[in-house]
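Below: one structure, written as structure tokens.
Bear in mind these aren't lab numbers, they're just calculated from the coordinates by the rules spelled out. Computed from a predicted structure; not experimentally measured. Here the Cβ is made from the backbone with ideal geometry for all residues, glycine too, and neighbour counts use every protein chain on show.
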Amino acid sequence: MPGEQPKVRIENVSYAYSSGQALRNVTLDILPHSVTAVFGPAGGGKTTLLRLINRLNDFIAGTQMSGRILLDGVDIYAPSTNVTLLRRRVGMVFALPLPLPGTIRENVLYGPRLAGIRDRTWLEQALVRSLTQAALWDEVKDRIDEPANTLSGGQQQRLCIARSLALEPEVLLLDEPTSGLDPISTGKVEASLLELKKEYTIVIVPHSVQQAARVADYAAFFLMGELVEHRLGREIFTAPRDQRTEDYVTGRFG
């Protein structure tokens, strides 16, 4: 929406690993309460971008970064940044579901308990809220204290989403969260995004162009570390302005 302040602003960001350049002078505004799909062929820098927003690359040796990433106008790489607090505000879910040892309940409440929250009423409400938002509550409400590893793959991925939501982050980063899921589970995750964006700002690396077109309010096409095009989702998939975008969304390469 014109004039709306971005929740996250990526400003002239370049990033290189010791093995090569991952991002090249990327500027991108991510608007609040929307789903932004970051899509493109492998090696385009999509996952690197998500990891930088969450500062997950902090301990990788031999990297170089220039530019700024702002959350609500504040540089998250400033020396004064509390990285632990940042990761509470910016949650991340990876492609491979990784439930923790223990029960479904223990998985969801791991973050709040680690943060020192002991109020039983708050924890119980967080448990129900997070699992409901992740479209999992109805399937597990009668087995909350069973081991998390007894869930199906699709349920485990939604459990990981619920675990991220338990701390009520402001931004949710999803890195190909349905890449290993069946169509029914994929549909449930995608449907949950429509509800989640009412409360959260979502950035997703989709596992296909088709998924990007289904879920994106806004879409950003990345190619070899460069942001080629960023527009409303309905526009970029029906009338892309850049020939490289059109070639990719129509299946001519990638």
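Assorted remarks:
- Modelled label positions at Phe253 and Arg24, each set 7 Å beyond Cα in the direction of Cβ, lie 1.2 nm from each other.
- Mean Cα-pair separation over length for the chain, i.e. relative contact order, pairs under 8 Å, 6 or more apart, %: 27
- Among the listed pairs Lys141/Lys197; Lys7/Lys141; Lys7/Lys197, a Cα-Cα separation exceeding 22 Å is found for Lys141/Lys197; Lys7/Lys141.
- Angle of helix 153-165 to the longest C-alpha principal axis of the chain, folded into 0 to 90 degrees and rounded to 10: 90°.
- For the stretch 139-212, trypsin sites (Lys or Arg not before Pro) are listed when DSSP marks them as loop and at most 11 other Cβ atoms sit within 10 Å of their Cβ; the list is Lys198.
- Cα gyration tensor shape of the stretch 1-72, rounded if a/c is under 1.5, else prolate or oblate by comparing a/b with b/c: prolate
- The alpha-carbon of Lys188 sits under 19 angstrom from the alpha-carbons of these aspartates and glutamates, leaving out residues fewer than 8 places away in its chain: Asp138, Glu139, Asp175, Glu176, Glu199, Asp217.
- Global form of the stretch 84-130, assessed from the alpha-carbon gyration tensor, a/c cut-off 1.5: oblate
- Cα centroid separation - the stretch 78-130 against the stretch 1-63, whole Å: 23
- Helix-derived mean residue ellipticity, 222 nm - over the chain, DSSP H n ≥ 4, -39500 (n - 2.57), to 500: -9500 deg cm²/dmol
- Taking every DSSP beta bridge that has both ends in the chain, the antiparallel portion is near 60%.
- Calculated FRET efficiency for the pair Leu194/Ser80, C-beta based, R₀ 41 Å, to 0.05: 0.70
- For the stretch 122-194, the square roots a ≥ b ≥ c of the C-alpha gyration tensor eigenvalues yield an a/c of 1.5 or more together with a/b not exceeding b/c, which makes the shape oblate.
- Degrees separating the helix 120-133 axis from the principal Cα axis of the chain, which is the longest one: 50
- Between the stretch 186-236 and the stretch 133-150, the alpha-carbon center distance in angstrom: 27
- For Ile236, the shell of other residues with beta-carbons less than 10 Å away shows a net charge of -1, using +1 for Lys and Arg and -1 for Asp and Glu.
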